[in-house]
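The values are calculated or read from the model by the stated rules, or taken from the named source; none is laboratory data. This is a predicted model, so every value here is computed, not measured. Cβ sites come from the backbone with ideal geometry, for glycine too, and all protein chains shown count toward neighbours.
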Amino acid sequence: MTAPAIAARGVSKSFGGVKALTRASIAVARGSVHALVGENGAGKSTLIKILGGRIAADEGSVETGGPDLRIGTVFQELTLLPYMTVAENLLLGREPRGRLGLIDRAAMPRIAEAELAGLGITHIDPRALAADISLAERQIIEIARVIMARPQILLLDEATSALVEREVAWLFGQIRALRDAGVAIVFTSHRWGEITSIADEITIFRNGTDVGTFTSIGEDEAITLMTGQALETIFPARGAQPPGPVLLSLRGARAEGTAPLDLDLRAGEILGIGGLAGHGHRALFFGLFGAPGFREGRIEREGRPVRITAPWDAIRAGLALVPEDRKSEGLFLPLSVRDNFTLPILRRLSRLGILRLGAERATVAESIRRLAVRTPSAQQPVGALSGGNQQKVLLGRWLLTRSRILLLYDVTRGVDVATKHEIYELIAGLAREGYAILFYSSDAEELAHLCHRVKVMRRGAFVAELPADALSAEAIVAAAMRESGKTEIPHAA
Amino acid sequence: MRALSVDTRRILYAIIAAIGLFVVGEAAHPGFLSGPSVASILVIASFVGIVAAGQCFVILIGGIDLSVPWVMNAAAILLTTTSLGKNTGAPEAIAAAIGMGVAVGVANGIGIAVFGIPAVVMTLAANGIVEGLTLGLSGGFTCSSCSSYAPPLIQTLAHGTLLGIPDALWLWAFVTALVSGALAVTRFGRATYALGTNPLAATLAGIDARRMTILLYALCGGFAALGGIMLVGFGGQASLGLGDPYLFTSIAAVVIGGVNILGGRGNYLGVAAGAVSLTVLVSVLLALSMPDYVRSIAYGVVILALLLAYGRET
Amino acid sequence: MQPDAAALPRGSRLGHAIGQNIGLILAGAILTLAVAGFLMVYSIEQHRLPGNFELTSTVNNAIPLVFAAVGQSFVVLTRGIDLSVGGVVDLANALAAVTMGKSLGGALLWSAVILAVGAACGLVNGLLVAFGRLQPIVVTLATLSIYQGLAIRVLPAPGGAIPPAYTNLLVNPNAPWALVYIGLLILAWAAFRRSRTGVDLYAIGNDEASSRALGVRVLRTKIIAYMLDGALAAAAGLFLAASATAGDATTGNSYTLTSIVAVVLGGVSLFGGRGSAAGAIAGAFITTLIVNILFFSHVNPLYQSFYEGVFLIVAVVLGGAIGGAIRRRQ
C-alpha cells in the first residue's frame, strides 16, 4: 500500500471526563472506501470529527498524504441553514459574483440546479427553503454540497441514516465515481448490507478504539468484535409468561401522518413496534402521550375510555413515555439527578405544595440503587453523567410514577453495550413484574430478541404482526420494506 | 469540602459585590456604613428587590417583563385615586392595585403562552396599553376630585419601624424568604426551573407550561404593583414617572444576581444582593455628589464588570 | 436520481417568492392599510387629501426611526437585540448640537465623526457580545446606561444649535427630499445583502453552530452587525437633531423600544435569520403613520399608547396567523 491519504495515529479524546476515543488508529489509502463500524458511542463520530479537523485530539496525531488536501465532511447532525434556500445553502461561501463584485442572487438557483443535475439530482427544487424539503432531501443536499467542493478526502458520518434504497444507490454511485477518481473515503453506517457492498476495508471500533481492520469479515464475527460478546448473550431470555389482561387499547386512533391504528397492549408483554424511521412511530408514541394527542379514535385503559390531550392526561392515565432524544426531550441537563428523577411525582412527595425533602432523598437514593446509576451524588447535574447513566435516570423517573404502561421510544440509542445489556435486563424484568411495555426501536435485532411480538409500521399503518416464533431481524426488515424488496439488514442502529 | 456549584458561587459573588460596594462607600464617604445610612439604602433597595422578585420569576423561564414601569405607575395612581387619600379605603385600594398588576401579568402570560407572542413584544405592548389606560381613565392624572396622596396609613407603614428595623425591610425579608423558599423547596419552584431549562422535556414530564407561564407573569405583575404601592407610600404622592427607572434596574438586579437571562439558572438570594449592589452604587455616587451622568455611566460599567467577572455563559 | 411519483411537486417560483418573503409582504400589506387609514381619516377630518406638506412631514418624522430600525434589524437578524440604540441616538444628537456650529461644511465633517462614534459604540457592544460571551440583551442594557450618561455629559441641558442649511439638507421642510436617504439606505442594504458579510449575517441568525461548522466568520460578522447598527443609530440621532434644529440628550431614549417595534412590525423575526431592512423601513413608517392616524381621528392623546399597544398585539398575532396559514398551504 502506498502512503495513506489520511491516517490517525493513537488518537484520544475526552468530553467532560467521558472518554470517547482511546488511542484509536486508522489509515485510509487514496482511491479506497474505508468503513468504520461499531456500536453507538464506540467513537466513530468523534474520530470523523477529528479527521475532518472539526475538533482537536487530546493526544495522538492526524496525518494527511500531502499538504493542503481538501477534506470534505458530511456530519451526522445536518448543518443546512433552515431559512435559506437550497441554492443558498449549496453555494454558501462560493456564491456567483455579478456586477460590482456583488453576489448574483438571481443566478443562484440556476447554477445550483445545474450543479445538482451534474450529480444526478433533479427532484429537489433549489428555490425551496431547506426547512421545507424532506429529511432525506436535506441529507442529499448536505452530501451534494460536500461533493461539490471536490474533496480529495471525503468523510461521511451516518450519511445514509435518512435515505431510502434508491437514494442510497445514488450515493454509492457517487462514492464509487469519487473512489475511481482517487478520492479517499471514510464511511460510517449502521447498515451491514451497505457496508459490505461499498467498503474496501472495514475497521471495527469498540469502546473508543479500533479492534481490527479487515478487507472482508462476516457479520457474526463483526458483531462479536463490536460488542465484545456474541449476539445471543447480549439479550436476556425472552420471558414466556402468559400474557395478562389488556391494559391499553387503541381503536381507530389516528395521529397526524398515520392511518387509524388498532392495538392491544397486555400486562406482562413487550410489544415491539418496528419499521423504517419516519413511518409514523413517533406520531403513535407521542399521540398516546398527548403531545399532541390523536386527532380521532379511542384510547381505552383497561376497557374504560380515556381522553388524552396533553402529557399530564397521559401521566394520570398511568402512561410513561421515555423519548429517544433524551437531551432535548427528556432530561434537564444542568439540573441535579434528584430534580430529574422526581419531577413527575412531586405531588406525591409534597404536602400543600411544599416538598418533603427527606422522603424525596430516600426515594432518589432507592432509585439510584435500583437502577445502578453511577453518579457521585444525587446533587450531580445529570449532564455530567455518561449517556447510559443519563438514560437510566430517565427510565427511573418513569418507574417512580408507578405507571404500569411504559412507552419506550428507541431508548438504547447512543448507549454503550454494557448499559444496553442492563437496560434490556431491566425491561425484561419489568415485563415479568406485569408492566405493559410498548417498545419502538430502530434496531431490528433488538426488537427480535426482546419483544413478545412485533407490529411493523409502514407509511403510518400497521402492515404486519410477527409472533414470537416468527421473530427475526430479517423478518422485521422484510415486512418493513416489502414493497421495495430491499434486502438491507439494519444493524445495531 | 465539596466544590460549590456554579449557581451557589454566583450568589456568593453577588453578595460579596454588595458588601464590597458598601466598603467602597465607607472609604469614599466616612459614615456611609452607619446604621441609619445603611437602613435607608436598604429601604430603597427593597423597592428594587421586590420588583426584581417578579422579574426574576419570568427571567427564570427565559422570559422578560417590560411592562413593569407602567404597572408600577398604574398601581400607585390606582392606590391614591381609589383610596382618595383616606385610610378607610386603604385595604380595598391595595387589593385593587395588586389585582390590577396580577391581571396585567395574566394577560402577558396568555399572550406569550397561548398566542405565542415573543415576551419582549407582548410586555412592551402591555406597557403601552396600561400607560394609555392609566392616563386616559385618570384624565391625565389631573382629576381634581381624587387625591394624589397615599392613605396616611400606608405612608405611616412605609416610614414606620418595628424593633428598630424599617417596615419596608420586614416586608422585603418576608418576600425574600417566601420567594427563595418557593423556588427551593416547592413543586412550583421545581416546575419553574424545569420549564426554564427545557420547556419540551418539562411538558413531557407533565408540567402544564401554559399555566406555569401565566402564573409566573401574574406574579411578576403582582410584585411590580406591590413595588408601586411601596414607592407611593414612601414618597407620599404618586407621580407619573415613578416606575420608569425600575424596568432596567430590575432586570439588572436579576442578571448581576446570577440569574441566567436565558432561564433555568439562579436564585432570588442573588437577586436581592444584586438589588442591594445597584442601590449602594447609586448611593455612593450620590454621597460623593457625582453628577447624574457619572451615575449613569458608572451604573453601566459596574454591571458589565460584574457580569464579565462572574456572569459568563458556562 | 430521476424524479418519480413519490417526489414532491415543485412549488412555482411565485409560490416560493411569496412563502419566503411572507414577513415582508405582510409588512407591506399593513403599511398599505396604514396609508389607506391615514388618507381616510385625514380626508374626513380636513375635507381634502393630504398633500406635499403632509407627505413631507410624515417622511421627516419617520426618518430617524427608519434609520434606527434598520440598525436594529442588523442585530436582530443575528438573533441578538440592541437596547442601547436609544443611548446612541442620544449621544449622536447631543454631539451634533454642541459641535456643528454655523457652517454646513463643518456640520458635514462632524456628521462623519458622529457616525464613527456611533460605530464605535456598536463596536463595544459587538466585542462584548462576541468575545465577552455575554447575552446581547444584557450587554446593551448596560451600555445603554453608559451611552445615555455620555450624552448627558456632552449636552447637560437641551440646547446647542444645528445650522439651518444642515436641517434643509437632511429634513427639508418643503419637500420630501429625505426619501432620497431612504432610497440610498435601501440600495446600500441591497448591496450588503449581496456581500459575503450579508450572507454570513443571515447564516448566523439561522444557526450559529452550523454556520461555524460551514466556515462562516461568526465573530467578525457579529461585530460588523453591531457596528453598522451603531452607525445607523447615530444617523438617526443626526436626523433627529436636524429636525429639532437643536439637541436634547434624552429625546432619543424612546428609539430603543420603537426600533424593536418597527422591526417586529416589519416582519423581522426576533429569533434571527429571517426578515430584511426593507421590512424594518416599512415597520418604521407603520409606526409613524399609526401616530398620525390617532392624531387625526381625535383620539384622546392620553389614550395614544393604549391604541399603539393594542395595534402591536393585533398586528403580531394576525400576522403570525396569516403567515402560518400561507406557509402551510404551500
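Only one residue in A:Thr363, A:Thr375 is more than 30 Å from A:Pro305 (Cβ to Cβ) and within 28 Å of the chain's Cα centre (by Cα). Which one? After applying the criteria, what remains is A:Thr375. Taking the stated definitions as given, is C:Arg79 at pLDDT 90 or above and either in a helix (DSSP H, G or I) or within 14 Å of chain B (Cβ to nearest Cβ) (or both)? Spelling it out, C:Arg79 is indeed at pLDDT 90 or above and either in a helix (DSSP H, G or I) or within 14 Å of chain B (Cβ to nearest Cβ) (or both).
Counting only residues that are more than 7 Å from chain B (Cβ to nearest Cβ) and either hydroxyl-bearing (Ser, Thr, Tyr) or surrounded by 22 or more Cβ atoms within 10 Å (Cβ to Cβ) (or both), the range A:323-358 holds 7 of them.
In the range C:147-226, counting only helices (runs of 4 or more DSSP H) that sit wholly within it, the ones holding 2 or more residues that are of a type in the set (Ser, Thr, Tyr) and either away from chain B (no Cβ under 14 Å) or surrounded by 23 or more Cβ atoms within 10 Å (Cβ to Cβ) (or both) span C:164-171, C:196-206, C:208-213.
Here is a yes/no grid of residues against (1) more than 29 Å from B:Leu269 (Cβ to Cβ); (2) in a helix (DSSP H, G or I); (3) touching a residue at least 24 places away in the same chain (Cβ under 8 Å); (4) more than 15 Å from the chain's Cα centre (by Cα):
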residue: B:Cys56; (1), (2), (3), (4): no, yes, yes, no
residue: B:Leu66; (1), (2), (3), (4): no, no, yes, no
residue: B:Trp70; (1), (2), (3), (4): no, yes, yes, no
residue: B:Thr81; (1), (2), (3), (4): yes, yes, yes, yes
residue: B:Val106; (1), (2), (3), (4): no, yes, yes, yes
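Going by the structure shown, is B:Thr161 farther than 30 Å from C:Ala321 by Cβ and either among the polar types (S, T, N, Q) or within 14 Å of another protein chain (Cβ to nearest Cβ) (or both)? Can you show your working first?
Details: farther than 30 Å from C:Ala321 by Cβ: yes; either among the polar types (S, T, N, Q) or within 14 Å of another protein chain (Cβ to nearest Cβ) (or both): yes.
Judged against the criteria, B:Thr161 is a match.
Of A:Ala291, A:Ala314, A:Ala310, which residue is surrounded by 22 or more Cβ atoms within 10 Å (Cβ to Cβ) and either modelled with pLDDT of 85 or more or within 9 Å of chain B (Cβ to nearest Cβ) (or both)?
Numbers: A:Ala291 fails: surrounded by 22 or more Cβ atoms within 10 Å (Cβ to Cβ); A:Ala310 fails: surrounded by 22 or more Cβ atoms within 10 Å (Cβ to Cβ).
Checking each option against the conditions leaves just A:Ala314.
Do you know which residues across the range A:429-473 are among the hydroxyl-bearing types (Ser, Thr, Tyr) and either closer than 26 Å to A:Ala259 by Cα or at pLDDT below 85 (or both)? Matches in the range A:429-473: A:Tyr440, A:Ser441, A:Ser442, A:Ser472. If you scan the range C:250-287, which residues turn out to be within 20 Å of C:Ala234 (Cβ to Cβ) and more than 13 Å from chain B (Cβ to nearest Cβ)? C:Thr251, C:Gly252, C:Tyr255, C:Ala277, C:Ala280, C:Ile281, C:Ala284, listed by residue number. Note on the range A:51-86: among residues that are free of Cβ contacts under 8 Å to residues at least 60 places away in the same chain and within 16 Å of C:Arg212 (Cα to Cα), the one that is farthest from the other protein chains (Cβ to nearest Cβ) is A:Ala56.
Among the residues of the range B:225-232, are any within 17 Å of the chain's Cα centre (by Cα) and within 14 Å of chain A (Cβ to nearest Cβ)? Looking for residues that are within 17 Å of the chain's Cα centre (by Cα) and within 14 Å of chain A (Cβ to nearest Cβ), one finds none in the range B:225-232, hence no. Check C:Gly247 against each of (1) within 18 Å of the chain's Cα centre (by Cα); (2) of a type outside the set (D, E, K, R); (3) away from chain B (no Cβ under 12 Å); (4) surrounded by 24 or more Cβ atoms within 10 Å (Cβ to Cβ) and name the one condition it does not meet. For C:Gly247, the exception is condition (1). None of B:Val24, B:Val6 is modelled with pLDDT under 85, surrounded by fewer than 19 Cβ atoms within 10 Å (Cβ to Cβ), within 30 Å of B:Ala209 (Cβ to Cβ) and hydrophobic (A, V, I, L, M, F, W, C) except B:Val6.
A count restricted to the range A:372-394 and to residues that are modelled with pLDDT of 80 or more, assigned to a loop (DSSP other than H, G, I, E, B) and hydrophobic (A, V, I, L, M, F, W, C) stands at 3.
Looking at B:Leu278, B:Leu269, B:Leu247, B:Leu304 in this structure, which one is without any contact (Cβ under 8 Å) to a residue 40 or more places away in the chain, in a helix (DSSP H, G or I) and either surrounded by fewer than 24 Cβ atoms within 10 Å (Cβ to Cβ) or more than 9 Å from chain C (Cβ to nearest Cβ) (or both)?
On the way: B:Leu278 fails: without any contact (Cβ under 8 Å) to a residue 40 or more places away in the chain; B:Leu269 fails: without any contact (Cβ under 8 Å) to a residue 40 or more places away in the chain; B:Leu247 fails: without any contact (Cβ under 8 Å) to a residue 40 or more places away in the chain.
Going through B:Leu278, B:Leu269, B:Leu247, B:Leu304 in turn, the sole match is B:Leu304.
The set of residues in the range A:335-345 that are among the aliphatic types (A, V, I, L, M) and touching a Ser or Thr at 6+ places or on another chain (Cβ under 9 Å) comprises A:Leu335, A:Val337, A:Ile345. Only one of the listed residues (B:Asn108, B:Asn127, B:Asn73) is more than 10 Å from every other protein chain (Cβ to nearest Cβ) and either among the charged types (D, E, K, R) or under 23 Å from C:Val291 (Cβ atoms) (or both). That residue is B:Asn73. Answer yes if at least one residue in the range A:90-104 is within 7 Å of another protein chain (Cβ to nearest Cβ) and within 33 Å of the chain's Cα centre (by Cα), and no otherwise. Yes, the conditions are met somewhere in the range A:90-104. If you go through the range B:58-85 and keep only what is touching a Ser or Thr at 6+ places or on another chain (Cβ under 7 Å) and under 30 Å from B:Thr197 (Cβ atoms), you end up with B:Leu60, B:Ile61, B:Ile64, B:Asp65, B:Leu66, B:Ser67, B:Val68.
Picking from C:Leu294, C:Leu289, which residue would you name as being over 17 Å from the mean Cα position of the chain (by Cα), at pLDDT 85 or above and part of a helix (DSSP H, G or I)? Working first, answer last.
Numbers: C:Leu289 fails: over 17 Å from the mean Cα position of the chain (by Cα).
Exactly one residue qualifies, and that residue is C:Leu294.
The residue list B:Phe32, B:Phe57, B:Phe47 contains one member that is crowded, with 22+ Cβ neighbours inside 10 Å and under 29 Å from B:Ser289 (Cα atoms), which is B:Phe47. Look at (1) over 20 Å from B:Ile59 (Cβ atoms); (2) within 7 Å of chain C (Cβ to nearest Cβ); (3) within 18 Å of the chain's Cα centre (by Cα) and you find that B:Val120 fails only one, number (1).
Residues of the range C:296-321 being in contact (Cβ under 8 Å) with a residue 40 or more places away in the chain, at the interface with chain B (Cβ under 9 Å from one of its Cβ atoms) and more than 22 Å from C:Thr58 (Cβ to Cβ), which ones? Correct list: C:Val316 only.
Is there a residue in the range C:88-108 that is of a type in the set (S, T, N, Q) and within 14 Å of another protein chain (Cβ to nearest Cβ)? Looking through the range C:88-108, none of the residues is of a type in the set (S, T, N, Q) and within 14 Å of another protein chain (Cβ to nearest Cβ).
Of the residues B:Leu262, B:Leu304, B:Leu278, which is hydrophobic (A, V, I, L, M, F, W, C) and farther than 16 Å from C:Leu144 by Cβ?
B:Leu262
So, B:Thr176, is that one surrounded by fewer than 22 Cβ atoms within 10 Å (Cβ to Cβ) and at pLDDT 90 or above or not? Criteria met by B:Thr176.
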